[in-house]
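The values are calculated or read from the model by the stated rules, or taken from the named source; none is laboratory data. Treat the numbers as computed from the prediction; the structure is a model and nothing was measured. Using ideal geometry, Cβ is built from the backbone for each residue, glycine included, and neighbour counts are taken over all protein chains shown. We work out accessible area using only protein heavy atoms, side chains counted, and drop any ligands, DNA or RNA first. Shrake-Rupley method; radii C 1.70, N 1.55, O 1.52, S 1.80 Å.
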Amino acid sequence: MKILIKSAKIVDQTNRELHLKKRDILIRNGIIEKIAPKIEETGKFQLIEKKNLHISPGWFDSSVSFGEPGYEERETIAHGLDVAARSGFTDIVLNPNTNPVPDSSSDIVFFKNAAKGCLANLHPLGALTVKCEGKDLAELYDMKNAGAVGYYDFKRPVENSNLLKIALQYVQNFDGLVYSFPLNKNISGKGIVNESEVSTRLGLKGLPNISEELQVQRDLTLLEYTGGKLHIPTISTAKSVGLIRAAKKNGLDVSCSVAVHNLFLTDSVLENFDSSFKVMPPLRTKTDTEALITGLKEGVVDYICSDHLPLNIEEKHREFDNATPGSIGLETAFGISNRLFELPTVIDLLTRGRERYGLETIRLSEGSRASLTLFDPDKHWVFNEKDIYSTSKNCMFVGAELKGLVYGIINNGQMNIRE
């Protein structure tokens, strides 16, 4: 297959020669064959010309949940990867949020096989402990050999400090990446929203910042003792940023991420008890969002993620206290991020992270594999339920104004570009 992309502005800060330059791009059999100011091509080819067309290396999301196996009504793997592609993502890291949880090599093989032939690439996480129960380590080495890129008991803290210590020591034999969700359950109790004036006024049980920060401090102390590679997903407080900043200055091999919604929204949106805004970790305060944004700009916070979490309608449409936390976010990740940062920063944030998982670095250069995202960064539009590709519709950004429209992706010798 031959594809000719006409007059696309390249956004790629790692390529100084082409960054913010308009170029034609010729792709043949999945490889970038030529990049030039003007390409005249003959014969049979597919032409891509779009209004205000921009192009970048394919985007990467480190926190995505689907449903299959066990919750196929929420999202299947094949359809979920199509949603990712339509949202601009060529690669996603799949959370172990299924039934049963993937805690063996055969489970990882199932995910890899289910994703074969899809436009977007799936990189599965295995469970850190058997059944995510926090008692015994799962088959970490075998899952690594089967294709797992890390180990995570999804949204569940590792309460046993000795177990986390042993995991960090063990994975050093094969360069494994251990996740630790930042939540101290003894402190959090039954808290469901940020502990603040808002939670007090609304009569909702508060979840204090310290419940995250104590766990982050414990994890970093263990990491300093053991060595190894640690990832702390979806941090949400200003002090967590400070703790990780200090740890990195101290040479610890730690990375962290933040969900897009924890950058953009605060707990002030809870005034109407709308369960769409119930997430874990909870939405915090403006002080926290500002610190997280600063941390991203400094490189202390390594990357953003959608924290895409499909849920059945009955799990969200109930009393706030009883609603399940979580929101889908693949479709809105770019449009929201693009309201917060300058475009080169947005693309940098959306393309960071592959190396942490041992994945191929994507290059936008002649001779490289074509893994590209196409978009218009300037279009302002209102996101409505009809714009949701996902099977589940639990999205906190319905009715929000987005900046930027994704045209689609080219990846794995295939493409999906909106008309």
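A few notes on this one:
- Spans of helices (runs of 4 or more DSSP H) in the range 277-393 with at least 3 residues open to solvent by less than 60 Å² (accessible area, probe 1.4 Å) and touching a residue at least 60 places away in the same chain (Cβ under 8 Å): 333-340, 343-351
- Residue count for the range 394-418, restricted to those that are small (Gly, Ala, Ser), assigned to a loop (DSSP other than H, G, I, E, B) and touching a residue at least 40 places away in the same chain (Cβ under 8 Å): 2
- Count - residues of the range 144-161 that are of a type in the set (Lys, Arg) and either outside any loop (DSSP other than H, G, I, E, B) or at pLDDT below 95 (or both): 1
- Of residues in the range 44-90 being open to solvent by 10 Å² or more (accessible area, probe 1.4 Å) and among the acidic types (Asp, Glu), the one nearest to Ile10 (Cα to Cα): Glu49
- Checking each residue in the range 203-221 for being in contact with a helix residue (DSSP H, G or I) (Cβ under 8 Å, 6 or more places away or on another chain) and open to solvent by 30 Å² or more (accessible area, probe 1.4 Å) picks out Lys205, Asn209, Ile210, Leu214, Gln217, Arg218.
- Taking strands (runs of 3 or more DSSP E) as the structural unit, those lying wholly within the range 16-105 and holding at least 2 residues that are aliphatic (A, V, I, L, M) correspond to 22-28, 31-36, 46-48, 89-94.
- For the range 206-223, the count of residues that are more than 24 Å from Tyr357 (Cβ to Cβ), under 23 Å from the mean Cα position of the chain (by Cα) and of a type in the set (A, V, I, L, M, F, W, C) is zero.
- The residues on offer are Leu183, Leu164, and the sole one that is touching a residue at least 12 places away in the same chain (Cβ under 8 Å) and either exposed (fewer than 15 other Cβ atoms within 10 Å of the Cβ) or not in a loop (DSSP other than H, G, I, E, B) (or both) is Leu164.
- Subset tally (residues that are modelled with pLDDT of 95 or more, surrounded by fewer than 13 Cβ atoms within 10 Å (Cβ to Cβ) and in contact with a Lys or Arg (Cβ under 8 Å, 6 or more places away or on another chain)) for the range 30-43: 2
- Within the span defined as the range 1-10, one or more residues are farther than 22 Å from Ile347 by Cβ, at pLDDT below 95 and open to solvent by 40 Å² or more (accessible area, probe 1.4 Å).
- Qualifying residue in the range 65-75 (condition: aromatic (Phe, Trp, Tyr) and either at positive phi or touching an Asp or Glu at 6+ places or on another chain (Cβ under 7 Å) (or both)): yes
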